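Presented below is the structure to which this report refers.
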Amino acid sequence: MHVSAGQTDRATRLQLPASVNRRRVVWSYAITVAVYHAIAVLALVPWFFSWTGVALAIGGVYVFGGLGINLCYHRLLTHRGLVVPKWLEYAFAILGVCSMQDTPARWVAVHRRHHEHSDRRDDPHSPLAGFLWGHVGWMLAENADLVRLRIYDRYAKDILRDPFYRRLERTLLYPVIVVSSWAVFFLAGLGAGLLAGNGAAAAAQFGASLLIWGVFVRIVLVWHITWSVNSLAHVWGYQNYDTGEQSRNNWFVAILTSGEGWHNNHHADARSARHGHRWWEIDLIYAFVRGLEAVGLAKDVCRPDRRTIARLPKRLGSTP
Ligand SMILES: [Zn+2]
Ligand SMILES: [Zn+2]
């Protein structure tokens, strides 16, 4: 692979950010990640199984991950690639909160820092410093650069001007939303079971299956899918553009994320709400944005800059 001036060579292992102290574990994240994985494994116990639960886990990846994280946290809040009415933005943001990827301000701040320092030492989660580091490890070790107030001041002032996002930082609203979402899944199952006349024990079992699959399995799936954008899509895949870092277009990640895997395109034109730049780079999130636009619920939708598209190589694999 040709490495141009300024481009990070992936053959050289990147050092962790100087601000990281690997000996200091961020216990709140480490315990959350461990507990959610442990509970998700309960899904393998037959008592917790139901096909409705499986359907909710798969559908939930699209609803909570697709709309909450990919559309709202990423394209809307981080990059301001579109504008939707506030009530709809907050509804999407609540789906993001239910995905347990921290608050919108925190997510936005970390991701903006990633774009500013992609695959360089100050990138919070470059897989060039280790694949597992880029996937999940970066969250579990203390990084002084990611201390909330400092990072918010630099990267998320616009987000925190909004009273709703400020409340998510300063009050118990965030955990209240999370616990309420657990209750909704369990009570929906319990209620449906009782209405069907299955008896209290069977109804509670059905509610538990919706909780385990619809919440915990879904959250773990969405975590790994989001994390794979940071890890896989900075290691494997092709580049349409010489962006000076290792972002890749990875079809596997693109399928899992409904379009976020066209990550080299995204790094080339971060503001654009459309991540697929070739006709076959399917981007379901952008299709959804176009749907919102068609019914008048999205405006100021950013599309790839003409100068970016002009740089698109004619043939895949030719030098960008
Ligand atoms: Zn990236
Ligand atoms: Zn981005």
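Read the figures in this text as sums done on the coordinates, not as results from a lab. Quick caveat, the model's predicted, so the values are computed rather than measured. Neighbour counts are summed over all protein chains in view; Cβ atoms, including those assigned to glycine, are modelled from backbone coordinates with ideal geometry.
With N as its number of residues, the range 98-178 has a Cα radius of gyration that, divided by 2.2 N^0.38 Å, comes to 1.15. One decimal place: the segment Y29-L88 gains 18.4 nm when fully extended, by the rule 0.36 nm per residue minus the C-alpha distance.
Dipole magnitude for the chain: about 520 debye, using +1 per Lys or Arg Cβ and -1 per Asp or Glu Cβ, origin at the Cα centre. Semi-axes of the equivalent ellipsoid for the range 178-320, computed as √(5λ) from the eigenvalues of its C-alpha gyration tensor and ordered from largest down, come to 41, 18, 11 Å.
Extension gain for F131 to R307 (0.36 nm times residue separation, less C-alpha to C-alpha distance): 60.1 nm.
With the convex hull of the Cα atoms taken as the outline of the range 171-252, the averaged projected area works out to 8.5 nm².
Near the amide H of Y238, within less than 5 Å, lie the amide hydrogens of N249, all on another chain or at least 5 residues away, with H placed in the peptide plane. Calculated on C-alpha atoms, the gyration radius of the range 1-152 divided by its Kirkwood radius gives an Rg/Rh of 1.02. Taking label positions 7 Å along the Cα-Cβ direction at both R290 and T52, the computed distance is 3.6 nm, reported to one decimal.
Over all other residues within a Cβ to Cβ distance under 12 Å of Y174, the charged ones net out to +2, with Lys and Arg as +1 and Asp and Glu as -1. Computed over the range 250-320, the quotient of the alpha carbon radius of gyration and 2.2 N^0.38 Å is 1.12.
Note on the range 132-180: Rg/Rh from Cα positions, Kirkwood definition for Rh, rounded to two decimals, is 1.06. Rounded to the nearest Hz, the phi-derived 3J(HN,Hα) couplings of the range 84-98 under the Karplus curve 6.51 cos²θ - 1.76 cosθ + 1.60 (θ = phi - 60°) are 10, x, 4, 4, 6, 4, 5, 4, 5, 5, 5, 4, x, 4, 5, where x marks glycine and proline.
Across the chain, C-alpha contacts under 8 Å between residues 6 or more apart give a mean separation that, scaled by the residue count, equals a relative contact order of 23 percent. When you have a sec, figure out the Kirkwood radius of the chain from all distinct Cα pair distances and drop it here in Å to one decimal? Kirkwood hydrodynamic radius for the chain: 20.6 Å.
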